[in-house]
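Accompanying notes for the structure given below.
Derivation of every value follows stated rules applied to the coordinates shown; laboratory data play no part. Computed from a prediction, not measured in an experiment: that's the story for all the values here. Because the Cβ atoms are built from the backbone with ideal geometry, glycine has one as well, and the counts that use them run over all protein chains shown.
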């Protein structure tokens, strides 16, 4: 009862009708700060991108918009570098995501054992996640140097000739992917670990009683139990790969992603069009293409996941 | 007063896991790791840590040292000289200050907005609640990078280009934060506590400040940590909205990597300075960050 006495203004003094009205509307006051910012800086830009992509807009005069219809899109489709960057985004996406998630799964499995110093191990694995794209890329660009890079030196020790990590298409894409893998493997391992820990222990006990080996337990208890987590990480990594930008930009510091655009991604291509060549309208068209790409990829992912679940249920 | 004096039923621990959850996970993990498990994990830790070590080595050497074969693997005497050089060439000092201002404001603002909205979504009833929550969650996965062009036009219209608010205000929009705080409060704030306070005649505002915030504090701390690191490391938007005359750390690093500075050891010194603050946060609160990420994974 003390609350009423110390709660200062609102409650008893106000007429009931006002109070009731306020009760009804006050929740909106709590979501208002977020939704005001969200509308202005989140939702509006996303939707407006589609609109801008139909205009000619230049960086120096962003206020002047000239109707162009689908011209930005047709120009895009006839630009070889668009197709190059689309292909690169896909290959780098695969080279960086697949090994990353497989290794993360293995590490999570190991981290799930009873271990000494497990807090240390987990924290250390997450260390790369704490670095920025820029910092990580600058360091790796140094390590991947053709003449004096540490990686080529180590390869030389085992008798492999120096690799030109900048000019070669495959080599440069592997180098860029390595940065992504280094930064995100530990993070994904922790996500998988969290998923593994929510699998009930009884399932393992039952499998053990049935005489299932550790290996079989991993495939028949752990993996099915992790399915939602795996789908989640695949989707998040796919979206991340579609957006890849900082790594290819800073690997050599040029917006073209290498001399022959050999590792230019869609994200970098968009930046080059917008802030290298000043074509904001064209860049908006690229952003919209990326958005559609994400929708398609996420849709395909979900579909595959769903079909597998149905298949298993029917078995 | 009873409502306020009673501790909430499920008081989460500092690292975000409830005691019950911890017990269960411990019971589930019956296997001890063998030597092979340790070996693989230690190799993974070394690979995680090596680039940091290498940054220190390279930042404390000279450019000529870095072009030696075989390479030098121990730190050298040039750290201070390289720090001074990078301060001059890339305004790292100003960049650090700007990054603190930007990341600090984003963190405080995001945690506040997210707690307010998260509380409303978790515990208040209002028209359109489910639709608005679905909208928030639905856009959580859409990368903000896709909206940079209109955002840039908006900022240009407001004449905010190269001013810190151009990075701070868009940085406050965190659908993840709202979702995170909502989940946290659904779990840890019992309805009875709010009802009891209402019966006692407390207004929603009073309930928010004297009941919700104290209970939400551990969640707010984790969200704050994650937000600070993300804001500090954000790359695309700052390099679009700011220039090297008003840089954040990432803008300065982009300039360092842009080919104007040729001394590798100076570049590494800049990288080191720009990474130290997050590493410090990570060193002090790494356990909470690990907890936050694992907790977010289970809920999301």
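Could you state the angle between the C-alpha long axis of helix B:19-28 and the longest principal axis of the C-alpha atoms of chain B, as a value from 0 to 90 degrees rounded to the nearest 10?
Once rounded, one gets 70 degrees.
So between residue B:186 and residue B:130, what do we pick up on full extension, going 0.36 nm a residue minus the alpha carbon distance?
Full extension from residue B:186 to residue B:130 adds 18.7 nm.
According to a simple spin-label model (label point 7 Å from Cα along Cα-to-Cβ), what is the distance in nm between residue A:87 and residue A:215?
Each label point is offset 7 Å from its Cα along the Cβ direction, giving 4.0 nm.
By its C-alpha gyration tensor, with a ≥ b ≥ c as the square roots of the eigenvalues, how is segment A:254-295 shaped: rounded for a/c under 1.5, else prolate for a/b larger than b/c, else oblate?
The shape class here is oblate.
Given Cα positions, please report Rg to Rh for segment B:90-299, the hydrodynamic radius being the Kirkwood one.
1.04
Using the basic label-point model (7 angstrom from Cα toward the beta carbon), what is the residue B:140 to residue A:19 distance in nanometres?
In this crude spin-label approximation the distance works out to 3.7 nm.
Where does chain A land on Rg(C-alpha)/(2.2 N^0.38 Å)?
Compared with the compact-globule rule of thumb, chain A sits at 1.33.
When you look at the Cβ of every residue in A:136-148, what mean number of other chain Cβ atoms sits within 10 Å?
Counting Cβ atoms of other protein chains within 10 Å of each residue's Cβ and averaging gives 5.
Hey, could you grab the Kirkwood Rh for segment B:175-270? Inverse mean 1/r over distinct alpha carbon pairs, Å, one decimal.
17.0 Å
Compute the acute angle (0 to 90°) between the alpha-carbon long axis of helix B:79-90 and the principal axis of greatest extent of the alpha-carbon atoms of chain B; round to the nearest 10°.
With rounding to tens, the tilt is 80 degrees.
Return the distance in nm (one decimal) between the two label points of a simple spin-label model at residue B:165 and residue B:69, each offset 7 Å from Cα along Cα→Cβ.
A separation of 5.6 nm, rounded to one decimal place.
Note down the relative contact order for chain A as a percent, whole number, built from C-alpha pairs under 8 angstrom at least six residues apart.
Dividing the mean separation by the residue count of chain A yields 26 percent.
Considering every residue in B:284-296, what mean count of other chain Cβ atoms within 10 Å of its Cβ is obtained?
Values: counts 0, 1, 8, 4, 0, 6, 10, 4, 0, 9, 10, 1, 2.
Across the residues of B:284-296, the mean count of other-chain Cβ atoms within 10 Å is 4.
Given a Förster radius of 25 Å and the C-beta distance between residue A:160 and residue A:120 as r, what FRET efficiency does 1/(1 + (r/R0)^6) yield to the nearest 0.05?
0.15
Rounded, prolate or oblate: which fits segment A:170-315 when a ≥ b ≥ c are the square roots of the eigenvalues of the alpha-carbon gyration tensor, with rounded for a/c under 1.5 and prolate only if a/b beats b/c?
It comes out prolate by the Cα gyration axes.
In 10 Å bins starting at 0, how do the alpha-carbon pair distances of the protein assembly as shown split up by percent?
In order of increasing distance, the bins hold 3, 15, 24, 26, 19, 10, 3, 1, 0 percent.
Could you give the angle, 0 to 90 degrees to the nearest 10, between helix B:213-233's Cα long axis and the longest principal axis of the Cα atoms of chain B?
The angle comes out at about 20 degrees.
Send over the semi-axes of segment A:15-72's equivalent ellipsoid, whole angstrom and largest first, taken as the square roots of 5 times the C-alpha gyration tensor eigenvalues. Numbers along the way, then the final one.
Numbers: eigenvalues 358, 22, 17 Å².
Values for segment A:15-72, descending: 42, 10, 9 Å.
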